[in-house]
């Protein structure tokens, strides 16, 4: 199965301006600022609903070259999804400090950014970014 979501020239500002509800839009702007500060990389649209920072090359399941964001987020209706592409294994101490969030293998789901420890979330994003840079130094 080919990866359908790809980096595009989509307008990040226009995408974020259309996010609803207002609280999710405010959270998305805060995340944009935080990830920009941590990564020093420009934000790029990935597909229609993800904002990514940086990218790296890998081989997909069929051993074909592919690219994906190093980190990013998506302001979904149910939660602000934060992508930690190296995975959360080994980063649990950061996650535990954040506060009320749900997680999966490489995602942190934040339902209300105002209710979490923003400094801890930033530390998690930084640790994930640094790990991705160590895993993929030449991209």
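The values are calculated or read from the model by the stated rules, or taken from the named source; none is laboratory data. All values reported here derive from a predicted model rather than from experimental measurement. Using ideal geometry, Cβ is built from the backbone for each residue, glycine included, and neighbour counts are taken over all protein chains shown.
Points worth noting:
- For residue 95, the test of being surrounded by 14 or more Cβ atoms within 10 Å (Cβ to Cβ) and in a helix (DSSP H, G or I) is passed.
- Note on the stretch 74-97: residues that are within 18 Å of residue 26 (Cβ to Cβ) and touching a helix residue (DSSP H, G or I) at 6+ places or on another chain (Cβ under 6 Å) total 2.
- Residue match in the stretch 43-55 (condition: in contact with a strand residue (DSSP E or B) (Cβ under 9 Å, 6 or more places away or on another chain), on the phi > 0 side of the Ramachandran plot and not in a loop (DSSP other than H, G, I, E, B)): yes
- Filtering the stretch 33-54 to residues that are within 13 Å of residue 75 (Cα to Cα) and without any contact (Cβ under 8 Å) to a residue 40 or more places away in the chain leaves 45, 48, 49, 51.
- If you go through the stretch 16-39 and pick out every residue that is touching a strand residue (DSSP E or B) at 6+ places or on another chain (Cβ under 7 Å) and buried (at least 18 other Cβ atoms within 10 Å of the Cβ), you end up with 8.
- Count of residues meeting criterion [closer than 25 Å to residue 134 by Cβ, touching a strand residue (DSSP E or B) at 6+ places or on another chain (Cβ under 8 Å) and either surrounded by 14 or more Cβ atoms within 10 Å (Cβ to Cβ) or in contact (Cβ under 8 Å) with a residue 12 or more places away in the chain (or both)] in the stretch 63-92: 16
- Hey, residue 121 in contact with a helix residue (DSSP H, G or I) (Cβ under 6 Å, 6 or more places away or on another chain), surrounded by 21 or more Cβ atoms within 10 Å (Cβ to Cβ), within 21 Å of residue 46 (Cα to Cα) and at pLDDT 95 or above or not: no
- Identity of the residue in the stretch 1-41, under 18 Å from residue 57 (Cβ atoms) and assigned to a loop (DSSP other than H, G, I, E, B), that ends up modelled with the highest pLDDT: 41
- Counting only residues that are surrounded by fewer than 14 Cβ atoms within 10 Å (Cβ to Cβ) and either within 14 Å of the chain's Cα centre (by Cα) or closer than 22 Å to residue 46 by Cβ (or both), the stretch 98-118 holds 3 of them.
- Of all residues making up the stretch 40-57, the number that are out of contact with any helix residue (DSSP H, G or I) (no Cβ under 9 Å at 6 or more places or on another chain) and either under 17 Å from residue 17 (Cβ atoms) or surrounded by fewer than 13 Cβ atoms within 10 Å (Cβ to Cβ) (or both): 3
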